[in-house]
Structures are given as C-alpha cells and as structure tokens.
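Have a look at the structure below before the remarks.
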Amino acid sequence: MPFASPADLSPIPQSEAPRDCPLCPRLVRFREQLRAEQPEWWNAPVPTFGDPDAWLAIVGLAPGKRGANRTGRPFTGDHSGEIFYSTLLKFGLAKGIYQGEPDDDLTLVGAIVLNAVKCLPPENRPLPLEVATCRNFLEASVAALPEVEVVIALGQVAHSSTTKVLGLAPSSARFAHGAEAVAANGPLLLSSYHCSRQNTNTGRLTREMFESIFERALAYRSSTSRP
C-alpha cells in the first residue's frame, strides 16, 4: 500500500493528485519528513473513497496524521472515523464493519468522501494558499460526480472551499452547524461542525447533532425524488 498511486485506489481516478504531488512546498516537506519517520504509513495525497454513483458527497478538511495519512483512506484509523462511519452505517450509507483499517469490509452506498486538502498539514491546519491550491482536485471530484444531490461540508474550511466549487456567494452561504444553501442548478450544501475529537470531546458536536445533518440530507433527497 505505501507505494500505490492514489488514482489506483479511487472510484474517480481522474480527479486524484499524484502520489508525489509537488504543489504545496510546506506539505511536501512534511510528507517527506513523515516518510522518513514512518515509512510503512501511506504518507501521500489521500484518495476519494466511496460510491462513484453517489447522491451524497461529504467533504472533510484534510487527512489526520494517524488516521487517513497513515491508512490511506478518509476518516480511517483515528477517533473521527468512529462517529463518522457509525453514522453512515446507521443511515444505510455504508455496509460492512468499520475496523479502522483500509482492508476491512466497509463499503459506501450512495455516498462518497472527499477532502478539501488531500495531504496532511502540520497541526491539522492547512494554509489558505494550500486550500486554494488543492481546490483544483476538489473541483475535479465534484465534476466527476454528476449524480450528487447533496454535499455535506465538515467544518468551516471545507465549507468555504466547497462554496467556491459550487459557485455560491459567501453572503448566501455562511458557515454554521446545520446551515443550508442551494447552488444554482446544483446540489444542496449542508454544513456541519467537523467530527474531530476536539469537537466531540468538548460537546461542541454531539452524536445527535451530527446525525441530524444526515437525517436532513436524506429528507431532502426524499422530497426532491421523482416518482
């Protein structure tokens, strides 16, 4: 796995960054540092995971150090994955058993996971220029998913980058947990606090709050479905 190409593991390979993406010098330096320290880890841009015919796209911030940067799969291997994938399983958006490793039997059904930034940033904080640079890959991912009806953005950085991809004006799509905005001839954007350990441990985001976002996504899809 450490030497695979992101495109080889992605359901939409045309949208992926190369394994040795050179675009963000600070992230490249951090990647090379971790490759030396942890050569068995993924340590590369993390590919999209899920259903290529998804109606729901979920946009995270960036790989976690011991999560996706280690395992090569979004929200896999750290605390955030536990609430994230248990929620998808509860609402029928995944099947199998989540075990925190990319070789478990978990698959997504009607859902796909993207990131605003594909490489691990130091302290989990990408710089604005890094977010803007990586937006090309987010744009390509969204363009490759014509069946998407709802996009859930996890956290303010993902929300901001997604609004730009969807062509939403900042004044009409302000970030708040549970905020909604509809792109012209496009999907509904739902925003949520990120399911990070910091947010869940402090009570800023409860399981009920997180689940309510997915309940709303399912209700929206049901209300707009054709007979």
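Listed values, structure above:
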quantity: Hits in segment 31-58 (condition: open to solvent by 10 Å² or more (accessible area, probe 1.4 Å) and touching a strand residue (DSSP E or B) at 6+ places or on another chain (Cβ under 6 Å)); calculated: PHE49, GLY50, ASP51
quantity: Failed item in (1) out of contact with any Phe, Trp or Tyr (no Cβ under 8 Å at 6 or more places or on another chain); (2) farther than 24 Å from GLN156 by Cβ; (3) open to solvent by 40 Å² or more (accessible area, probe 1.4 Å); (4) outside any loop (DSSP other than H, G, I, E, B), with ARG26 passing the rest; calculated: (2)
quantity: Hits in segment 59-118 - residues which are open to solvent by 10 Å² or more (accessible area, probe 1.4 Å) and of a type in the set (Ser, Thr, Tyr); calculated: SER80, SER86, TYR98, THR107
quantity: Those residues of segment 182-211 which are among the hydroxyl-bearing types (Ser, Thr, Tyr) and either closer than 15 Å to VAL157 by Cα or in contact with a Phe, Trp or Tyr (Cβ under 7 Å, 6 or more places away or on another chain) (or both), in sequence order; calculated: SER191, SER192, TYR193, SER196
quantity: Residue satisfying condition, being within 18 Å of LYS90 (Cβ to Cβ), touching a residue at least 60 places away in the same chain (Cβ under 8 Å), open to solvent by 30 Å² or more (accessible area, probe 1.4 Å) and polar (S, T, N, Q), within set THR206, THR224, THR200, THR133; calculated: THR200
quantity: Options VAL165, VAL150, VAL142: the member that is of a type in the set (A, V, I, L, M), under 30 Å from ASN201 (Cα atoms) and under 17 Å from the mean Cα position of the chain (by Cα); calculated: VAL150
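The values are calculated or read from the model by the stated rules, or taken from the named source; none is laboratory data. Computed from a prediction, not measured in an experiment: that's the story for all the values here. Neighbour counts run over all protein chains shown; Cβ positions are idealised from the backbone, glycine included. Surface areas here come from the heavy atoms of the whole protein model, side chains and all, with no ligands, DNA or RNA. Shrake-Rupley method; radii C 1.70, N 1.55, O 1.52, S 1.80 Å.
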